[in-house]
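The values are calculated or read from the model by the stated rules, or taken from the named source; none is laboratory data. Not measured: the values here are computed from a predicted model. Neighbour counts run over all protein chains shown; Cβ positions are idealised from the backbone, glycine included. All accessible areas refer to the heavy atoms of the entire protein, side chains included, with ligands and DNA or RNA removed. Shrake-Rupley method; radii C 1.70, N 1.55, O 1.52, S 1.80 Å.
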Amino acid sequence: MVSRPVAIVLLLSVIPAWRGGRPVQLPRDVAELTAALRASEPVARARAACELRELGDRAVPAIESLAALLADGAPVETTVCERRWWRGPSEQQTSPGELAAGALVAIGTRAYGSLESALGADAWIARRNAAWALGALDDNRAVRPLISALGDREPPVRAQAAWALGALDRREGVEPLIGLLKDEHADVRRQAAWALGAVGDARAGSGLIEALRDPEARVRSQAAWALGAVDHRAAAAPLINALKDVDAHVRRQAAWSLGVVGDPRAVEPLLAALKDRDAGVRRQAAWAIGVIGR
Amino acid sequence: MSPLTVFVRTLLKSSAICLGIAIAVIHPSVESGRSRRATAQQSPAQAAIDGLVIALEDSDAGVRRSAAAALGELRSPRAVPGLIAATRDEQPGVRLQAIAALGEIGDATAVPALTAALKDADARVRGRAAVVLGGIGDKSAVDALIGLLADKEAEVKRRALLALAEIGDGRAVTAATAALKDPDADVRRAAVLALAELSGGEQ
């Protein structure tokens with residue numbers, strides 16, 4: 001059973017990913033498409049990768065060429081493919097490399113070896129795209145190499161590896177992800193907090209509570225979310241504190257998590273939050289009071 | 001934690017979103033789920049209800065809607081006067097949520113306000129008020145519900161018929177019979193159900 005609010009969030013998250021029109025083009029075979037992956041125009045390379053993705057595991061002969069394309073970061077519009085595959089709604093551009101990663105995921109587990117090797121590629125874009133693909137591939141062999149990638153020298157690779165470990169949802173990743181909450185880059189810390197919330201392991205509690213005091217608001221709000229996702233009992237007091245955060249997003253997220261954690265001690269501070277200057281915080285506080293009281 | 005976990009898993013497996021920063025701010029919906037525990041009415045709840053009733057007059061419609069939904073969860077008669085006032089909110093979404101909350105509470109003092117809401121400009125509000133009146137089962141609403149069978153929206157008529165069936169007052173038989181000739185098949189189906197209920201339930 002998926003509760004209604006959860007279903008709504010799910011819809012809101014996924015809908016924007018399914019827009020866009022189908023390119024008008026005759027079907028091409030694997031050999032043709034593999035050759036097109038080396039076209040001089042980025043758009044042509046991107047289209048070939050998209051079409052290979054549609055072929056699923058029939059694209060096995062293209063694995064090596066797709067893996068070679070992972071480093072290709074040339075910007076192309078997300079509309080080159082029939083639907084937005086790679087990024088959320090705010091992202092306007094993708095690249096042949098990202099689309100190649102999508103095609104490798106569509107091929108499935110037979111692409112695993114190439115992706116694992118790509119995690120050691122010279123170009124960081126290839127390593128990042130490989131990390132994404134390994135998270136999306138759902139192959140447990142990827143856990144170890146991804147944990148190593150948490151130590152990559154490039155922040156986007158570390159963030160993507162953190163995402164992948166959250167996506168794979170394996171407990172082995174928890175301890176290294178807790179360490180990553182102290183990364184020097186805020187985006188990496190934020191992604192680590194997200195991944196810990198996704199895995200939902202109670203061990204993450206104290207690290208996430210500490211992250212509520214991160215200097216960056218986006219990290220604090222993600223940590224507040226994760227504490228709700230983990231449903232961590234001890235989180236009530238620090239989350240109540242977070243209702244007084246300077247940043248409205250953090251206060252909102254703290255109110256949401258307090259509703260999820262459901263500690264009756266939160267009612268009084270949430271009542272105070274009904275007078276917050278931010279309407280979003282007041283909404284979320286009202287919702288939380290109802291949830292706690294039911 | 002379980003529904004959330006399910007959500008996160010489903011989201012991830014969809015692989016539609018990369019770098020999945022999923023900040024889940026969840027807002028209440030109109031048809032809020034059944035309450036898990038029936039122990040809501042006691043202790044610190046009074047302060048909570050009073051605070052939420054004040055929030056029913058917030059300047060932001062989303063806050064008013066959230067507060068109404070929360071009061072529906074808390075199910076306290078203490079909230080009824082505030083929710084009745086909210087059935088006259090300028091925003092249909094707030095009126096709808098207030099009416100749904102009154103339905104959760106199920107207090108008969110709300111019947112006049114709910115009956116008035118059957119004349120709301122918004123069809124969803126009219127339909128919801130009918131459903132709630134059916135649930136409360138107060139016979140004083142029967143005439144107004146019969147009047148609603150002349151509504152221009154088929155869905156409203158259908159809900160009115162089901163509400164009349166639930167209240168089970170014989171006065172509705174004639175109107176329900178007339179509704180058997182409604183152009184809308186769903187309305188006719190509801191009329192059949194209502195007539196079965198109304199004739200079967202006669203003492």
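For this structure, a couple of remarks:
- Peptide A:271-282, shielding by other chains (average Cβ, 10 Å cutoff): 4
- Charging the Cβ of each Asp and Glu at -1 and of each Lys and Arg at +1, and nothing else, the dipole of region A:132-189 about its Cα centre rounds to 120 debye.
- Lys/Arg +1, Asp/Glu -1 at C-beta; chain A dipole; positive extreme among A:Ile178, A:Ala193, A:Ser221: A:Ser221
- Quotient of Cα Rg and 2.2 N^0.38 Å for chain A, N being how many residues it contains: 1.11
- C-alpha center-to-center spacing [region B:46-86, region A:147-220] in angstrom: 38 Å
- For region B:104-203, accessible area per residue (1.4 Å probe, heavy atoms of protein chains only), Å²: 49 Å²
- Here region B:61-185 is assigned +1 on the Cβ of each Lys and Arg and -1 on the Cβ of each Asp and Glu. Its dipole about the Cα centre then comes out at about 120 debye.
- Taking a ≥ b ≥ c as the square roots of the eigenvalues of the Cα gyration tensor, region A:97-148 is classed as oblate, since a/c reaches at least 1.5 and a/b does not exceed b/c.
- Each residue, B:Ala116 and A:Ala123, gets one label point 7 Å from its Cα in the Cβ direction; the gap between the two is 6.9 nm.
- Basic side chains Lys and Arg get +1 at the Cβ, acidic Asp and Glu get -1 at the Cβ, and with that the dipole of chain A about its Cα centre reaches some 900 debye.
- Cα-projected label distance for A:Arg233 with B:Glu90, points at 7 Å along beta-carbon direction, nm: 4.8 nm
- Residue-averaged beta-carbon neighbours from other chains (10 angstrom radius) around B:66-76: 6
- Extension gain from A:Asn140 to A:Ala74, taking 0.36 nm per residue of separation minus the Cα-Cα distance: 20.7 nm
- Scaled radius of gyration (Cα, divided by 2.2 N^0.38 Å) that region A:109-243 gives: 1.03
- With a cut-off of 11 Å on the backbone N, no residue of region A:224-260 is near the modelled label site 7 Å out from A:Arg213 along Cα-Cβ.
- Buried surface for the A/B pair, taken as the accessible area of each chain alone minus that of the pair with a 1.4 Å probe, is close to 4700 Å² in total.
- Stretchable slack from A:Glu54 to A:Glu32, in nm (0.36 nm times residue separation minus alpha-carbon distance): 6.5 nm
- Percent accessible area from carbon and sulfur atoms, region B:52-203, protein chains only, probe 1.4 Å: 53 percent
- As a rough guide to protection, the peptides A:110-123, A:217-230 ranked by mean Cβ packing within 10 Å, highest first, stand as A:217-230, A:110-123.
- Against the empirical curve 2.2 N^0.38 Å, the C-alpha radius of gyration of region A:33-159 lands at a ratio of 0.96.
- Sorting the Cα pairs of region B:135-203 by distance into bins of 5 Å, from 0 upward, gives 3, 21, 35, 26, 12, 3, 0 percent per bin.
- Residues of region A:264-289 falling in the label zone of B:Gln46, defined by backbone nitrogen less than 20 Å from a point 7 Å along Cα to beta-carbon, are A:264-272, A:289.
- Cross-link partners of B:Lys157 among lysines (Cα-Cα below 17 Å; sequence separation of 8 or more within a chain): B:Lys119, B:Lys181
- Translational D in µm²/s for region B:54-197 (Stokes-Einstein at 37 °C, 0.692 mPa s, Kirkwood Rh from C-alpha pairs): 218 µm²/s
- Average other protein chain Cβ within 10 Å of Cβ, residues B:47-55: 5
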